[in-house]
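Engineer: Take this structure first; my questions come after.
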């Protein structure tokens, strides 16, 4: 019941934002301003969940995302869900931020611990890989292959579907259900 209520609420927000955007594109400036204001609140919540450790970056990223939405309006297809289009833009902006920060952090990494390179082994990573392989081995192919291809190998859903012979929908469902099964398995172990 809670899931249904959440979906109804999501659809209502989606429809409202889409209506405001369509009216804005038709020349209703007030509707477009309301669209940007409401969208910024949704973007802020979306980014806040993903940038828990970087709260100072949220507002800048909201503004960058809004600017990108405005600049990319010509790419929006009204037949498609607005949320997916906006989420893709916000994710690209988030990835750009993380790449910039990673490059900055690498450039500022102190080199005074030169001996550290030779004193530590990568045994923890090897153990984690071994544990993950054990967990994945117990999953049926319909769950394991989508996870391996998309989450571990970094393939797109389409590439994973082509490689495995499954449909794109089956890949998405397989990832979702497979991750749920892994989480349940891990909870049972711990």
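Each value in this text was obtained by applying a stated rule to the coordinates, not by laboratory testing. Since the model is a prediction, treat every value here as computed from it, not as a measurement. FYI the Cβ positions are ideal-geometry reconstructions off the backbone, even for glycines, and counts take in every protein chain you see.
Engineer: What distance in nm lies between label points placed 7 Å from Cα along the C-beta direction at residue 153 and residue 41?
Structural biologist: 4.4
Engineer: Oh, and also: Hey, what angle do you get for helix 168-189 against the long axis of the chain, alpha-carbon based, 0 to 90 degrees rounded to 10?
Structural biologist: That helix lies at roughly 50 degrees to the long axis.
Engineer: Along the Cα→Cβ direction, 7 angstrom out, place labels at residue 92 and residue 63. What is the inter-label distance in nm?
Structural biologist: 2.1
Engineer: Could you put 53, 91 in order, starting from the residue whose Cβ has the fewest other Cβ atoms within 10 Å?
Structural biologist: 53, 91
Engineer: Give the span of the stretch 2-106's Cα atoms along each principal axis, as three whole-Å numbers ordered largest to smallest.
Structural biologist: In descending order, the Cα extents are 45, 37, 22 Å.
Engineer: So if R0 is 41 Å, what FRET efficiency would residue 183 and residue 28 give, r being the distance between their Cβ atoms, rounded to the nearest 0.05?
Structural biologist: Taking R0 as 41 Å, the efficiency between residue 183 and residue 28 is 0.35.
Engineer: Treat each spin label as a single point 7 Å out from the Cα along the C-beta direction, and report the residue 103 to residue 169 distance in nm.
Structural biologist: 4.1
Engineer: When the chain is treated as a GNM, springs tying every alpha-carbon pair under 10 Å, which of 162, 15, 96 comes out with the largest mean-square fluctuation?
Structural biologist: Maximum fluctuation in the GNM of the chain, among the listed residues, is at 162.
Engineer: Rg and Dmax of the stretch 126-189, Cα atoms, in Å?
Structural biologist: That works out to 11.6, 34 Å for Rg and Dmax.
Engineer: In degrees between 0 and 90, to the nearest 10, how far off the longest principal axis of the chain does helix 123-137 point, with axes built from Cα atoms?
Structural biologist: With rounding to tens, the tilt is 70 degrees.
Engineer: If you don't mind, another one. How long are the semi-axes of the equivalent ellipsoid of the chain, defined as square roots of 5 times the Cα gyration tensor eigenvalues? Whole Å, largest first.
Structural biologist: For the chain, the ellipsoid semi-axes come out as 36, 26, 16 Å.
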